Structure formats: C-alpha cells, structure tokens
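This report refers to the structure that appears directly beneath it.
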Amino acid sequence: MRNSRVILILALVIAAGVGFFFLPLRQWFMHLENYVRSLGSVGPLVVILAYIICTVFFIPGSAVTIGSGTLFGLKTGFLVVVIGANLGALCSFLLARTFLREKVTRWADGNPKFRSLDQAIGKHGFKMVLLTRLSPVFPFVLLNYFLGLTAVRTRAYVLANLIGMLPATFLFVYIGAAARDAITGQMETSVSVYQQILKYVGLLATVAVVFMVTRIARKALREAERTQEASASPGTPRPDLNYKPASFDEMMLVDDAHDTKLIENCHPPRWVNPMPAQKYNLVVIGAGTAGLVSAAGAAGLGAKVALIERNLMGGDCLNVGCVPSKGVIRAARAAYEARHGKAFGVQFDGKPDINFSAAMERMRKLRAGISDHDSADRFRKLGVDVFIGNGRFVSPNAVEVDGKPLYFERAVIATGARAAELPVPGLAEAGYFTNETIFTLIELPRRMVVVGAGPIGCELAQSFQRFGSEVTMVTDGAEILPKEDRDAAAIVRAGIEKDGVRVIAHTAIQRVEKKDGAKSLHLKVGNTPTELLCDGILVSVGRTPNIEGMGLDDAGVQYTSQGVIVDHRLRTTNPRIYAAGDVCSKYKFTHAADAMARIVIANALFFARRKVTDLVIPWCTYTDPEIAHVGYYEKEAQAAGLDVGTITESLNHVDRAVLDGDAEGFAKVHYDKKSGRILGGTLVARHAGEMMSELTLAMATKQKMDVLSSTIHSYPTQAEVLRKIGDAYMRTKLTPTVKKVFEKWLAWRR
Ligand SMILES: Cc1cc2nc3c(=O)[nH]c(=O)nc-3n(C[C@H](O)[C@H](O)[C@H](O)COP(=O)(O)OP(=O)(O)OC[C@H]3O[C@@H](n4cnc5c(N)ncnc54)[C@H](O)[C@@H]3O)c2cc1C
C-alpha cells in the first residue's frame, strides 16, 4: 500500500514534468483557468462539489488538491480543498455509518481484531482519526468509509479530520500553486528572485514538517494500537458465571415492620413494570446512588428515562452500606459514652445495660424512614419509568428487562459493587456475614472475627466491640487502613485497640470449621499456626464490581476485574454507554457516585466535556476518631514531581478538642512550596469528616495555604486546627531577611 502510493505520486510528478515540456499544458491550463474564472464566485463552489463527488466515488483527491492550488493559488486553493475534502470525507463517513455500520458490526462480531480496533477507535476517537489522517499510509477515500464503520463519534471525526488533513492539504496545494507560477510564467516576470527562493525554501520546510509529523503520528498510532490490544488481551477476566446476586430477603428481616416498610418502598412486591417507551434518552441500570442521581437528574431536565433495579432501590448505601453502618456506629458510640462518663463526672450504678437488639431496631427504623426518598413510587412520580428486574444489554443500543427490550440513545451502567469473596476452605459451610447480611443481626455475637482491616472492617469491628462483643480483626497486611497516611492510621489503630479490639496482622486464614457450636479459624500468623474461636465472622476484604450477566460483550463494553473501563468523561468503549459509581471507579463512595452521575448527565445528554479527573473527592472512615483525607498523600505528590511542603498540627493544642476529650488526632496539610497551592491533607479527629469539607472547598476552588490563615473560624471549634496550619504556613514566609526588614521598619517608626 505504502509503496504503491509512493509510486503513484512519483508517476504523477514525472507525468507533470513530461507534460510540462512536451504538451501544450500552458494553453490547456489557461483555458481551464479562464473557464473557472468565467464562473466567477461559483468556480470554487464547482470545485468543492467536484471534490465531494470524487471522494464519495473513491477517486483519489490528490489530483484535485494540486489542481486547486494551480487554479486558485495558495490561499483560495487551500480554502477550497479544506472545505471540499472535509465535506467529502463527512459524506462518505455518514453513508457508511447509516447503511453499513450495523451490518458490518454484526458480521464482525466474532472477529476480535476488528472489535478491538473498533473499541480503540470508539474510545480514543479523536486521537485515532487524527493520527490516521496525519499518516499518508492510509488512503483518504477508503479511510472515510472505514471510519464510518467504526464506533468513532461524528464530532470527534469531523474535528480530527479538519486538523489532521491540514498539513498534507497545505503541501499539495503548495505544489499546485508553485506549478501554476511555473506554467503561467509568473516566475520570470512578476515575482522577484528572492521571493522565489523564499517560496521554495518554504516548500522544502513544509515537506520536512509533513514528513516529521507523519513519522510521529505513525509511531503514536502503533503505540495506541498496542495499548488497546494489551487491554483487550485474552487476560481480560470473564464474569463469574456462577455468581448469583443476593436477594433482598437475605439483606432484610422480612417479618420486621421497619424492613417491611423499606421493602414496600424499594422493591414493592406488587409493582407492575410500565410499558417500555419506543426509545429512551437514558436507560439506567442499577438504582443505587449513581443510578438514582442519573435518573432523577435526567428526568428533571426533561429526558425520557428508564431506571432498572433488580434488588433494592437505594443500592448499597441505603440498604447495606453507609446508612445502616452509620446508624450502628452512632448507637455504639452511645454505648461507649455510657461506659466512659466517669472522666466527665457522670457515673451510673453498676454496668450500663446495652441493648444490641434495640440499637439494631433503631437503625432499621431510621433506614426505613430514609428509604422514602429512594422509593420506586417517588421515582415514578418524578417521571421515571421504573423497572424492577435484571437489566441486561442485548445489543449496543438496547437493554432487556422483564423480557422486553428498552431502546436507548444513551445508557448508564450503575450496577455498583459487592463484598469480595474470600476463598477459604470451610468458610461457606461454617457460615459468615458480609455487609449484605450483618445488618440483619438481632443478637450480638459474643466473639467476633472481622476479616479485613479496610474502612468497613475497622468501622464495624470497633462498633461491635463497643456493643460488648469480643472482636478480633485479622489482616494479611502489616497494618490497618493500608491506604491511609501511616501516622493517621496508627492513631486509629490505637483508638480501636483501646476499645478492646485485638488486631492480628500478617495473618493467612488456612481453613474454617464448625466446632462445638462455634466457628474455628485456623490461622498462620507469620509462620506460627494459631486457632481462633468465635461466634460470628464478618468478611470485609474489598469490593468486586457487579458486571456479571449484563451482556457487556454484546454491547461492546469492555471491563476488567476492577470493573467497567471508562475514559475521563465516564464513557465506556461503547460511546453510547456511560458508567458511574462503584462499578467503574476506585473511589467507592456515595458522594463520588453522586458526583459521577452528574458528570454523566452533562456529558451523555448535553455534549458537555466534563472530566471525572477534575473532581476533588474527599473520603472518611467513621471510626472513633475518624480519619478523613482529600487530594494527594505526601508520597504521591512527591512522585508527581511536586516540591511538597507538609505542615502538621496536633489537636492537643486546639482548645475545643482538649475540652471535648478528643485531643488524640491531628491535621496534616500538603502544599506546593512554589505556589502555596493546597495539594491534599489528612485529618484524624472525632469529626474529621465534617472538618474535611473546609479543606475540600479550599482545594476545589484552587486556594492557597494563606486562605486557611485568613479564614475566621468560630472559637472554640476543632476546625481551628486548620487555621493553625494556615498560621504555621504564614510563618514559613517570615524568612530571617523579611524579619530583619520588618524590625528595621518598626524601629524606624518608634
Ligand atoms: C458497609 C458499607 C459502608 C459504607 N459506608 C460509606 C460511607 O460512610 N460513605 C460513603 O461515601 N460510602 C460508603 N460506602 C460505599 C457506598 O455504599 C458505595 O460507594 C455506593 O453505594 C455506590 O453506589 P453505586 O450507585 O455505585 O452502587 P450501589 O449502591 O451498589 O448500587 C448498585 C445497584 O445496582 C443494582 N444492580 C446491579 N446489577 C444490576 C442489574 N444487572 N440489573 C439491575 N440492577 C442491578 C444493585 O442491586 C444495586 O442496587 C459503604 C459501603 C459499605 C458496603
């Protein structure tokens, strides 16, 4: 292909040379020029039309391009060709897209190479088209049709064409314009020698630039293809076909009045799915935070929306995540305070009566109340078509639910994640809890083992210990909360251990068995075998995305074991389909799912180009003390090449923390030494989650460290620790020289 193209161009040049000497080219050209001129302003339009027709009918455009330069000169010729070539390319593209794309994708469904290329072009549309345009290896007229068959978006195609064709167009028109000067004899008469030299130096420079750009483009294209092949390699995990999603009756107490109310709201037993509309603007699969926010937001803006939920509306957060866990944590804190009132002069006779069952009922009651907000009925009233059932893609533009297809213009995968499995022999037989089942407890296990020392494990281990269970937390790692700042995690560990939780690190669970009505865990702690007896096991060893049985392959949506693959704008490898929330993000938090859903609405429905990478996402683990973080950790910032400064202030010096008895904690803020910009920070404090919003706002609005100092904080509040950090930063600005200048100035004023 490449050689034949070079030969064709050489042949054209030789033919032009031969023609120049032996044919009456000059006269012919004059006639043609006179004819086109006689057409007046219609002349360029005729050439544009000719260009479009040539392109659509596979006639190579280089001759017309050079001809335009010859006929109209550099400026007008260039404009004519840019318009003609781009319109011609668009027509061919649209023809292929309209009449052939569906047939070809169906035919090539089993062809992994085409599929991989298709997905690469769909995902990196602009870049791929730009590179192929810059590279002369790909014949223009064929490429237009080929790209029409792929998943590239029309907008990206048009923009990349416009930019990518500029260098070659300029070069060919330039050649044409130079030939015109030669043919018409202007070379000798109207143009000075210096101008000619300049022109030919320019021509050489253009050739050199096109050559260089071409080489770079070709290399980048090869790399893009390689990356795509790597991510679509046979190593891509297949969904676990044996996975059976949990049902709401395993997560709720079906004979409890509060849980019955929740089920009425979130999985109404008598719900009748609506008749599907002919086509939806947006079909949302999964009614957790990401799905609910996408559906409500889109419907509120006038879109026709379908929302599909197979289990409980509200997803993990409402039913088996944030809401019940925070209810439990609050009750556990009340138990803790009842036991530890002595330091505050509050004492009870004897031991406080801690009623675990009542604490869990309080949680169920509050959760049922909150569930009104996420109910199927409320969403129906918002104008959303709510379908209860399993959603599954049956084609790139249709989802099936309840045996009926829902056709969509755009779709959102918001199917969340679930507790990761722990493959330990005997565990399933012995029985264990995950976050999906632990909130159904009405009796406190006397001894509990919590497997996993991440946020969920730490929060619940501390709470159950505070209720009175003897909790042991085991982790295969060296530390608890391994992702957090080490100093901060150490304080949380000390807090949890002070409550009585036993933390065993470097532990491998070999097997589990039932023993005398209890559960026995056979562990290896380092190299030492140990046995641990308990009455309940909570497994919280990470999250697995819900991607099974969704027909993602049928929809052309790629995924890995980490979830659905999305770009910065949350678009999957099928440009019609987006994803949001736990199913596609490493930030597995409700507020992150909410923020992503808002991006999806803007990008999917309104041509916005909002990026998830622009979000400033804080998080918090609600242990006592809480640990909250936003932005960079110190090491991350250093790895990113930033010159990082860090200021830490202990709560020991914050009056309110001392008075509250909450002085175990600190604030640590990282900043860019050059600009003073806040890069990130960690807070360890009883209300770190609340306090973190101030730092998050400062980062989201790109504030510098001095703002922490100049913001007035009410006294006494624990948030004053941030003002102290701001003051400490301002003191770093007071260098010995500045101080000396100040001293001189003040001495002079005395
Ligand atoms: C114990 C615990 C405590 C937590 N505490 C906090 C906290 O304090 N703060 C915080 O920010 N985050 C917390 N989280 C995380 C938070 O719950 C999640 O980040 C959030 O729920 C993610 O929302 P989502 O919409 O992505 O997914 P989900 O809430 O998981 O919703 C997904 C929904 O999709 C449905 N679904 C899946 N597949 C299909 C299908 N094929 N068809 C139809 N429906 C389908 C599921 O049934 C589910 O309802 C906690 C999580 C846990 C487990």
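The values are calculated or read from the model by the stated rules, or taken from the named source; none is laboratory data. Here the structure is a predicted model, which means the values were calculated and not measured. Methodologically, a virtual Cβ is constructed for each residue, glycine included, from the backbone with ideal geometry; neighbour enumeration extends over all protein chains shown. Just so you know, the surface numbers come from the protein's heavy atoms only, side chains and all, with ligands and any DNA or RNA stripped out. Shrake-Rupley method; radii C 1.70, N 1.55, O 1.52, S 1.80 Å.
With the structure loaded, tell me whether V630 is within 18 Å of L697 (Cα to Cα) and surrounded by 20 or more Cβ atoms within 10 Å (Cβ to Cβ) or whether it fails that test. Outline the logic, then answer.
On the way: within 18 Å of L697 (Cα to Cα): yes; surrounded by 20 or more Cβ atoms within 10 Å (Cβ to Cβ): yes.
Criteria met by V630.
Against the condition within 23 Å of the chain's Cα centre (by Cα) and modelled with pLDDT under 95, how does A639 come out, does it pass?
Values: within 23 Å of the chain's Cα centre (by Cα): yes; modelled with pLDDT under 95: yes.
Yes; evaluated as a whole, the condition is true for this residue.
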Candidates K739, K744, K704, K724 - the one that is more than 20 Å from Y632 (Cβ to Cβ), among the basic types (K, R) and modelled with pLDDT of 95 or more: K724
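Listed here are the residues, each with its yes/no results for (1) open to solvent by less than 20 Å² (accessible area, probe 1.4 Å); (2) in contact with a strand residue (DSSP E or B) (Cβ under 6 Å, 6 or more places away or on another chain); (3) at pLDDT 95 or above; (4) closer than 18 Å to M596 by Cβ.
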{"site": "Q228", "(1), (2), (3), (4)": "yes, no, no, no"}
{"site": "G235", "(1), (2), (3), (4)": "no, no, no, no"}
{"site": "S247", "(1), (2), (3), (4)": "no, no, no, no"}
{"site": "E250", "(1), (2), (3), (4)": "no, no, no, no"}
{"site": "V254", "(1), (2), (3), (4)": "no, no, no, no"}
{"site": "N281", "(1), (2), (3), (4)": "no, yes, yes, no"}
{"site": "G286", "(1), (2), (3), (4)": "yes, no, yes, yes"}
Filter segment 22-66 down to the residues that are among the polar types (S, T, N, Q) and farther than 23 Å from F146 by Cβ and list them by number. Q27, N34, S38, S41
Is one or more of the residues making up segment 641-650 among the acidic types (D, E) and surrounded by fewer than 18 Cβ atoms within 10 Å (Cβ to Cβ)? yes
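With under 31 Å from the mean Cα position of the chain (by Cα) and either within 11 Å of the ligand (Cβ to nearest atom) or exposed (fewer than 15 other Cβ atoms within 10 Å of the Cβ) (or both) as the only criterion, which of A343, A398, A414 stands out?
Details: A343 fails: under 31 Å from the mean Cα position of the chain (by Cα); A398 fails: either within 11 Å of the ligand (Cβ to nearest atom) or exposed (fewer than 15 other Cβ atoms within 10 Å of the Cβ) (or both).
Among A343, A398, A414, only A414 is under 31 Å from the mean Cα position of the chain (by Cα) and either within 11 Å of the ligand (Cβ to nearest atom) or exposed (fewer than 15 other Cβ atoms within 10 Å of the Cβ) (or both).
Check whether at least one residue in segment 287-294 is farther than 16 Å from H373 by Cα and β-branched (V, I, T), and report yes or no. Quick ask: steps written out before the conclusion?
Taking segment 287-294 first, the residues farther than 16 Å from H373 by Cα are none.
Looking through segment 287-294, none of the residues is farther than 16 Å from H373 by Cα and β-branched (V, I, T).
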In this structure, does G350 turn out to be closer than 30 Å to F464 by Cα, free of Cβ contacts under 8 Å to residues at least 24 places away in the same chain, outside any helix (DSSP H, G or I) and more than 16 Å from the ligand (Cβ to nearest atom)? yes
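Of A657, A688, which residue is hydrophobic (A, V, I, L, M, F, W, C), farther than 25 Å from K733 by Cβ and touching an Asp or Glu at 6+ places or on another chain (Cβ under 6 Å)? Spell out how you get there, then give the answer.
Values: A657 fails: touching an Asp or Glu at 6+ places or on another chain (Cβ under 6 Å).
After ruling out the rest, the residue left standing is A688.
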Being open to solvent by 10 Å² or more (accessible area, probe 1.4 Å) and within 25 Å of P396 (Cβ to Cβ) is true for just one of P274, P352. Which residue is that? P274
Please find, within segment 567-583, the residue that is farthest from the ligand (Cβ to nearest atom) out of those that are under 18 Å from N546 (Cα atoms) and open to solvent by 20 Å² or more (accessible area, probe 1.4 Å). R571
Scan segment 685-702 and tell me whether some residue there is assigned to a strand (DSSP E or B) and within 22 Å of E484 (Cβ to Cβ). yes
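Before we move on, is V284 assigned to a strand (DSSP E or B) and either away from the ligand (no atom under 14 Å from the Cβ) or of a type in the set (V, I, T) (or both)? First the steps, then the outcome.
Details: assigned to a strand (DSSP E or B): yes; either away from the ligand (no atom under 14 Å from the Cβ) or of a type in the set (V, I, T) (or both): yes.
Yes: the conditions hold for V284.
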All but one of (1) within 16 Å of the ligand (Cβ to nearest atom); (2) over 29 Å from G689 (Cβ atoms); (3) open to solvent by less than 30 Å² (accessible area, probe 1.4 Å); (4) part of a loop (DSSP other than H, G, I, E, B) hold for N390; state the number of the condition that does not hold. (3)
Determine the pairs where a residue that is closer than 25 Å to L301 by Cα and within 7 Å of the ligand (Cβ to nearest atom), located within segment 584-599, has a partner that is of a type in the set (D, E, K, R) and assigned to a helix (DSSP H, G or I) with Cβ atoms under 8 Å apart, the partner being 6 or more residues away or on another chain. A593/D582
Counting only residues that are part of a helix (DSSP H, G or I), small (G, A, S) and more than 8 Å from the ligand (Cβ to nearest atom), how many does segment 292-329 have? 8
Meets criteria (under 15 Å from M252 (Cα atoms), open to solvent by 50 Å² or more (accessible area, probe 1.4 Å) and either within 16 Å of the ligand (Cβ to nearest atom) or not in a loop (DSSP other than H, G, I, E, B) (or both)) for E361: yes
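Which of the following residues is open to solvent by less than 20 Å² (accessible area, probe 1.4 Å) and either part of a strand (DSSP E or B) or not acidic (D, E) (or both): A488, A508, A494?
On the way: A508 fails: open to solvent by less than 20 Å² (accessible area, probe 1.4 Å); A494 fails: open to solvent by less than 20 Å² (accessible area, probe 1.4 Å).
Result of the check over A488, A508, A494: A488.
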Residue list for segment 532-565, restricted to those being open to solvent by less than 50 Å² (accessible area, probe 1.4 Å) and away from the ligand (no atom under 15 Å from the Cβ): L532, C534, G536, I537, G556, Q558, T560, I565
Answer yes if at least one residue in segment 294-317 is at pLDDT below 95, more than 18 Å from G391 (Cα to Cα), open to solvent by 70 Å² or more (accessible area, probe 1.4 Å) and aliphatic (A, V, I, L, M), and no otherwise. no
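If I ask for residues that are small (G, A, S) and modelled with pLDDT of 80 or more, which ones from segment 134-153 would you list?
The first filter runs over segment 134-153 and keeps only residues small (G, A, S), leaving 135, 148, 151.
Within segment 134-153, just G148 meets the criteria.
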